[in-house]
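Here is the structure we will look at.
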Amino acid sequence: MSAILKVKNLSMRFGGVVALNALDLEIHEGEIVALIGPNGAGKTTFFNCVTGIYKPTEGDVLLTARGQENIRLNGLKPNQVASKGMARTFQNIRLFQSMSVLENVMIGRHCRTKAYILGAILRNKATRDEEQETIEKSYAILKKIGLEKYVNESASNLPYGAQRRLEIARALATEPSLLLLDEPAAGMNPQETKELEELILRLQQEGQAILLIEHDMKLVMNLSHRIYVLDYGTLIATGTPQEIRNNPAVIKAYLGESDDDSQHRSHKEGANA
Amino acid sequence: MMSSLVPLLQETLRSLKVALWFVFLTFPIMVIKVHPLEKSIEWRWQNMIFVGLGTFILSIVARILMDQGKKRRKKRALQHAQKYTLVQTILREPKYLYPLAFATLAFGLVFPWIFSSYQTNIMITALMYVVLGLGLNIVVGLAGLLDLGYVAFYAVGAYSYALLNTHFDLGFWVVLPLGAILAAFFGILLGFPVLRLRGDYLAIVTLGFGEIIRLILENWNEFSQGPSGISNIDRPGFFGIELTLDQSITYLFYLMLLLVVFTIFVVNRLQDSRLGRAWVALREDEIACQAMGIDKTKTKLTAFALGAMWAGMVGVIFAAKTTFINPASFTFLESAIILAIVVIGGMGSVVGVIVGAFVLILLPEYLRALSEYRMLAFGAIMVLVMIYRPQGIISTAKRHIQYKPKPDDKHKKQAADPS
Ligand SMILES: Nc1ncnc2c1ncn2[C@@H]1O[C@H](COP(=O)(O)OP(=O)(O)O)[C@@H](O)[C@H]1O
Ligand SMILES: [Mg+2]
């Protein structure tokens, strides 16, 4: 299996804070890979760096989209990254609240469609066809995600779990080669989490490669083929779920967190300085 | 009983405090009157009582109104979200909306024949502000970019025609599209430096931009003839036929009517397009919008350019209508009025902007009967609108695309269910 995403030596510093420290990571076709680590470890920062929201201080991000050559993503803007084939969800839900569920997904189709000013004004056949196609494809995605009954609802009226799923639907609409999920199960009840697990598995079986940030260890262990563990911006372990479960460094990092997170952090930062 | 009395007492006390403050603050101008020649001071104590009593009563009235407005809003929020008011129903249903639009248009077509040319002239102004409002609505209402310098593009259009007409003898119909293009170009010019700004910061910078354009026009004498302005601009040509003043007013009226219809058509189509959706998404959440593949730079600049374009066109028409322009017509107040049209009419709603333009432009005209209290009454009406209708006079229920699953779709689902 060939690699879809290759991250080499990625570092991100905010002033004196080293949020990511020389990270190497690889994701292959059809894989579910999890990125775990205590709060503040730099997981979200990693997503922001590879999707172009932050400009990494150092390192390379290479994407091999379906049937394409390597594309260097660092230096590209977030919208360019999306159109190259990498889409993400957000840890804090960022839906377009005033839009309907369908329209939210349609926004995801933006980078796969073309109509602009003239098309909008003239509303010629090509534009109408494209619009109809956007609607049909968006609805098909909603059906796949199991949100079709909310199709005309306002996004803000959705139950919490459905909002999280809508974020996934919107990201899928960009036709990503790699889907990045930032804590998709956060705040979900056990029933919703179970449904989410089934959904992610179904996507993977359809050939979707997924990089998952998640705190729910049961979900991570059930789904992932491989796991990367991040602590204070540094990779401390990688391997299969079985290997990670028994890795002493990982256990230590997680025990340290449950102890007292803030104390732990200031202690470590003091040591760095 | 007690529980309802206590807040009442508190409110009264608060109003009393406001009244006392007003008495204190207005004391030097309302009560003391110095006669410098006779070297005497007159104490007008009765004024103090008027101010105190007046403020107290006004403050209580405002409080009651605001309280009621709040209660009503709360009640409305509790009701189901998908309930439409009468106006919203009319605007949503083509079978009501189209006849209404046609009736309005028919009324517009006969307007110059029913009313005097004075009335027609006022109506031309109102129609000009409709187009200005619709243009600004693209920037503010749809894309959510608070632009306080919109008048600059209006000035660009007006001066394009004035200068090209006096120096190069270019006609109205040639400059109309040129003015639009030039204004759009200036829209992009303004857009570039403010791409990263939002909200208050954006408002301040755009305000500055508007003032810069006006100051350039005021001070660059060789270019724009400074404050004395440019006169003897040609009225719009009508197939080379000379028109009397009355005829040219009628002509301009129809021209404006046409432009309004054209603007509504274009703005409506933009709103319901891929681009319109991108604008709304950008307004809602810039980061999510970019992460979904929307080019922020391109989308914002398009909004600025497409908004400015209308101001440019109306500017050309303004110069042709008045045959004289100077920088005094393009002050910040003008931007503020156009923004008020958008906000008071109903942000993001085409009908709202039209109603807003008529209210804001026609009301002061017809309030002339109140002579010097005209602006006071106007201000009071605006405050009342904002208290009772904070979403604007017409708040259209946002139009969503209504998706109806195809019948065969349901079929498949039913077939799949038992398995
Ligand atoms: N824009 C930023 N500016 C400064 N520090 C940041 C910024 N974004 C993240 N950080 C810091 O980077 C570290 C990692 O944060 P984050 O990636 O959100 O962690 P998590 O693993 O919980 O997602 C934190 O210490 C955070 O304070
Ligand atoms: Mg995070």
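The values are calculated or read from the model by the stated rules, or taken from the named source; none is laboratory data. No experiment lies behind these values; they were computed from the predicted model shown. Note: ideal-geometry Cβ built from the backbone for every residue, glycine included; neighbour counts use all protein chains shown. Surface accessibility is based on the protein's heavy atoms, side chains included, excluding ligands, DNA and RNA. Shrake-Rupley method; radii C 1.70, N 1.55, O 1.52, S 1.80 Å.
A few points about this structure:
- Any chance A:Thr238 is modelled with pLDDT of 85 or more, under 24 Å from A:Val7 (Cβ atoms) and open to solvent by 70 Å² or more (accessible area, probe 1.4 Å): yes
- Filter result for A:Tyr232 (at positive phi, out of contact with any strand residue (DSSP E or B) (no Cβ under 7 Å at 6 or more places or on another chain) and either modelled with pLDDT under 95 or away from ligand 1 (no atom under 16 Å from the Cβ) (or both)): yes
- Pair list, Cβ < 9 Å and 6+ apart or interchain, from the stretch A:105-129 residues that are touching a residue at least 12 places away in the same chain (Cβ under 8 Å) and within 7 Å of chain B (Cβ to nearest Cβ) to residues that are buried (at least 21 other Cβ atoms within 10 Å of the Cβ) and of a type in the set (Phe, Trp, Tyr): A:Ile107/A:Phe96
- Meets criteria (within 7 Å of chain A (Cβ to nearest Cβ), in contact with a helix residue (DSSP H, G or I) (Cβ under 6 Å, 6 or more places away or on another chain) and surrounded by 23 or more Cβ atoms within 10 Å (Cβ to Cβ)) for B:Ala291: yes
- Within the stretch A:9-35, residues that are on the phi > 0 side of the Ramachandran plot have Cβ atoms under 7 Å from residues that are away from ligand 1 (no atom under 16 Å from the Cβ) and not charged (D, E, K, R) in these pairs: A:Ala22/A:Asn9; A:Gly30/A:Met1; A:Gly30/A:Gln204; A:Gly30/A:Gly207; A:Gly30/A:Ala209, counting only partners at least 6 apart in sequence or on another chain.
- Hits in the stretch A:24-46 - residues which are of a type in the set (Val, Ile, Thr) and more than 16 Å from ligand 1 (Cβ to nearest atom): A:Ile27, A:Ile32
- Residue ID - farthest from ligand 2 (Cβ to nearest atom), chosen from residues in the stretch A:87-114 that are polar (S, T, N, Q) and assigned to a loop (DSSP other than H, G, I, E, B): A:Thr113
- Only listed residue being modelled with pLDDT of 80 or more and of a type in the set (A, V, I, L, M), chosen from B:Ile57, B:Ile64: B:Ile57
- Residue among A:Leu172, A:Leu201, A:Leu212 that alone is more than 16 Å from ligand 1 (Cβ to nearest atom), farther than 21 Å from A:Ile107 by Cβ and touching a strand residue (DSSP E or B) at 6+ places or on another chain (Cβ under 9 Å): A:Leu201
- Verdict on A:Arg88 being within 14 Å of another protein chain (Cβ to nearest Cβ), away from ligand 1 (no atom under 14 Å from the Cβ) and of a type in the set (D, E, K, R): no
- Put simply, of A:Glu148, A:Glu133, A:Glu153 the only residue that is more than 21 Å from the chain's Cα centre (by Cα) and open to solvent by less than 70 Å² (accessible area, probe 1.4 Å) is A:Glu148.
- The listed residue being in contact with a Leu (Cβ under 9 Å, 6 or more places away or on another chain), within 16 Å of ligand 2 (Cβ to nearest atom), within 14 Å of chain B (Cβ to nearest Cβ) and of a type in the set (A, V, I, L, M), out of A:Leu181, A:Leu158: A:Leu181
- Pairs with Cβ under 7 Å, 6+ apart, first in the stretch A:187-211 and over 16 Å from A:Ile32 (Cβ atoms), second surrounded by fewer than 17 Cβ atoms within 10 Å (Cβ to Cβ): A:Gly187/A:Tyr160
- Among (1) within 14 Å of ligand 1 (Cβ to nearest atom); (2) of a type outside the set (Ser, Thr, Tyr); (3) within 14 Å of chain B (Cβ to nearest Cβ), the one test that A:Asn21 misses: (3)
- Where a residue in the stretch A:63-76 is part of a loop (DSSP other than H, G, I, E, B) and its partner, wherever it lies, is open to solvent by 90 Å² or more (accessible area, probe 1.4 Å), with Cβ under 8 Å and at least six apart: A:Asn74/A:Lys55; A:Gly75/A:Lys55
- Of all residues in the stretch A:32-62 being within 14 Å of another protein chain (Cβ to nearest Cβ) and either more than 16 Å from ligand 2 (Cβ to nearest atom) or basic (Lys, Arg) (or both), the one that is surrounded by the most Cβ atoms within 10 Å (Cβ to Cβ): A:Gly52
- Positions within the stretch B:244-274 being open to solvent by less than 60 Å² (accessible area, probe 1.4 Å) and touching a Pro at 6+ places or on another chain (Cβ under 9 Å), in sequence order: B:Ser248, B:Ile249, B:Thr250, B:Tyr251, B:Leu252, B:Phe253, B:Leu255
- Here the helices (runs of 4 or more DSSP H) wholly within the stretch B:110-227 that include at least 2 residues being at pLDDT 90 or above, more than 21 Å from B:Gly276 (Cβ to Cβ) and within 25 Å of the chain's Cα centre (by Cα) are B:117-137, B:151-168, B:172-191, B:199-219.
- Search result, residues across the stretch A:5-14 that are within 15 Å of ligand 1 (Cβ to nearest atom) and open to solvent by 70 Å² or more (accessible area, probe 1.4 Å): A:Arg13, A:Phe14
- Among the residues making up the stretch B:294-305, a single one is within 7 Å of another protein chain (Cβ to nearest Cβ) and buried (at least 24 other Cβ atoms within 10 Å of the Cβ): B:Ile294.
- Counting residues in the stretch A:97-110 that are modelled with pLDDT under 95, within 16 Å of ligand 1 (Cβ to nearest atom) and open to solvent by 10 Å² or more (accessible area, probe 1.4 Å) gives zero.
- Listing of strands (runs of 3 or more DSSP E) fully contained in the stretch A:1-40 that carry 1 or more residues being in contact with a strand residue (DSSP E or B) (Cβ under 8 Å, 6 or more places away or on another chain) and within 17 Å of A:Gly52 (Cα to Cα): A:3-14, A:17-28
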